[in-house]
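Mind looking over this structure? Questions follow.
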Amino acid sequence: MFTMGPKLPRTKKGKGFASKGQRRAAAKTKREKEMEAVKKKIQEAFREADIDGDGELDRTQLTMLMRKMKHDIIGEDTDPRPAAIDWVMNLADRSGDGNLSLREVEKAISVYAAYLQERDFIDGIFDRYDTNKDQVLDREELTGYCKELNEGVEPTDAEIDWILSRADKGGMTSEANDGKIGRIELLAVVNEWFFMPPDVNDGDFDAELEESSSPKSPPAQPKAAFEEASSPKKGSAKAAPKAAPKKKQEESGCCVVQ
């Protein structure tokens, strides 16, 4: 089962960063195994939902697949909400024909599965920090959560910029690069916090990040919840290419997308 991992204190040099590197390597190995297990579940659910055997799923068949994933992961035998189906369709349907191949389905459903597994954790974070109850964490609310991750120490602006540049990819309740973190995007926040490079607060690093984003855009390609994002190496001189904005996703307004 995909887990977000325990809270750890952040350190700036020496032993602390060695332990972070070990943690990252261990997390990568664990996630590779988790991703393979989830991939097998998706393939099985895909075969069951593909009732006409044409190798593609329409919206009705995708709903069947997502319902099975909900049952297998959290024990709920109910249809997913329309907003969740819309999000998966928009993310996965690369061809735009309204039908999804197994290859198209796998990545989007992996993210959906991770959300289901961590739904209680995510709901708890939003209960504590989404003070205006708009179903996204704005910069101030995100800062409050990162302060919790940082053992009560206020994060710097550079650190929040880093988190937004890595996690603000768009999801069921938020757009990419809107400066806010939705429920799906929260899956990346914890990992990015603990895997943050040591030179984030250096002036050169800040300038590099600003050059690569207007507004803050991801310095790396989007990742599914089970994929490992690559962090810039310390001292890197090149800014990452600007990511293309994603299509805006409509949301039904429900507090919890299932």
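The values are calculated or read from the model by the stated rules, or taken from the named source; none is laboratory data. In this text, all values refer to a predicted model and were calculated from it rather than measured experimentally. All Cβ positions, glycine included, derive from the backbone under ideal geometry; neighbour counts span all protein chains shown.
Name the single residue, out of those in the range 53-76 being touching a helix residue (DSSP H, G or I) at 6+ places or on another chain (Cβ under 6 Å), of a type in the set (A, V, I, L, M) and not in a strand (DSSP E or B), that is surrounded by the fewest Cβ atoms within 10 Å (Cβ to Cβ).
Out of the qualifying residues, it is I74.
Considering only the range 77-91, how many residues are surrounded by fewer than 16 Cβ atoms within 10 Å (Cβ to Cβ), free of Cβ contacts under 8 Å to residues at least 60 places away in the same chain and part of a helix (DSSP H, G or I)?
Final tally of qualifying residues: 0.
Report those helices (runs of 4 or more DSSP H) wholly inside the range 102-191 carrying at least 3 residues which are without any contact (Cβ under 8 Å) to a residue 60 or more places away in the chain, under 28 Å from R67 (Cβ atoms) and in the same structural domain as V38 (by TED's automatic domain parsing).
Counting at least 3 such residues, we get 102-117.
Read through the list (1) under 22 Å from F121 (Cα atoms); (2) under 22 Å from the mean Cα position of the chain (by Cα); (3) among the small types (G, A, S), then give the number of the only condition that G75 fails.
The number of the failed condition is (2).
If you scan the range 26-52, which residues turn out to be at pLDDT 70 or above, in a helix (DSSP H, G or I) and hydrophobic (A, V, I, L, M, F, W, C)?
If the condition is that a residue be at pLDDT 70 or above, in a helix (DSSP H, G or I) and hydrophobic (A, V, I, L, M, F, W, C), then A26, M35, A37, V38, I42, A45, F46, A49 are the ones that fit.
Identify, by number, the condition in (1) surrounded by fewer than 23 Cβ atoms within 10 Å (Cβ to Cβ); (2) within 29 Å of A92 (Cα to Cα) that L164 doesn't meet.
(1)
Run down R23, R103, R94 and say which single residue is within 30 Å of F195 (Cα to Cα), modelled with pLDDT under 90 and surrounded by fewer than 17 Cβ atoms within 10 Å (Cβ to Cβ).
R23
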